[in-house]
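First comes the structure, then the notes that go with it.
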Amino acid sequence: MKGLSSQHAEAYFIEIPVVNQLSEFFSLNGFYSDIQYRFHQTKKHPKNMEDIYDGTIYQQLSGKG
């Protein structure tokens, strides 16, 4: 049996058909509106951390561009 630490270990690359999966997701009822949640969430208080979308790093990375 070959282990990952073995000198003879093989590397594998897994290919996943992303386009088909995305098409399937977008065909589900309500999927698009569900992923728009972050743009329409109502916070109880502006300074609360209520979701990952409120995090500093998320805010920095989700900016324009």
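The values are calculated or read from the model by the stated rules, or taken from the named source; none is laboratory data. These numbers were taken from a predicted model, which means no experiment stands behind them. Methodologically, a virtual Cβ is constructed for each residue, glycine included, from the backbone with ideal geometry; neighbour enumeration extends over all protein chains shown.
Of everything in region 35-46 that is part of a helix (DSSP H, G or I) and of a type outside the set (A, V, I, L, M), the residue that is farthest from the chain's Cα centre (by Cα) is His40.
Just wondering, is there one or more residues in region 47-59 that are basic (Lys, Arg) and either at pLDDT below 85 or within 22 Å of the chain's Cα centre (by Cα) (or both)? No; the residues of region 47-59 include none that is basic (Lys, Arg) and either at pLDDT below 85 or within 22 Å of the chain's Cα centre (by Cα) (or both). Within the bounds of region 18-29, is there any residue that is in a helix (DSSP H, G or I), of a type in the set (Ser, Thr, Tyr), at pLDDT below 90 and surrounded by 10 or more Cβ atoms within 10 Å (Cβ to Cβ)? No, region 18-29 contains no residue that is in a helix (DSSP H, G or I), of a type in the set (Ser, Thr, Tyr), at pLDDT below 90 and surrounded by 10 or more Cβ atoms within 10 Å (Cβ to Cβ). In region 29-47, the residues that are farther than 20 Å from Gly63 by Cα form Cβ pairs under 8 Å with partners that are at pLDDT 85 or above and in a helix (DSSP H, G or I), at six or more places apart or across chains, as follows: Phe31/Phe25; Tyr32/Phe26. Here are some conditions: (1) under 17 Å from the mean Cα position of the chain (by Cα); (2) at pLDDT below 90; (3) not hydrophobic (A, V, I, L, M, F, W, C). Tyr32 meets all but one. Which one does it not meet? Result: Tyr32 fails condition (2) only.
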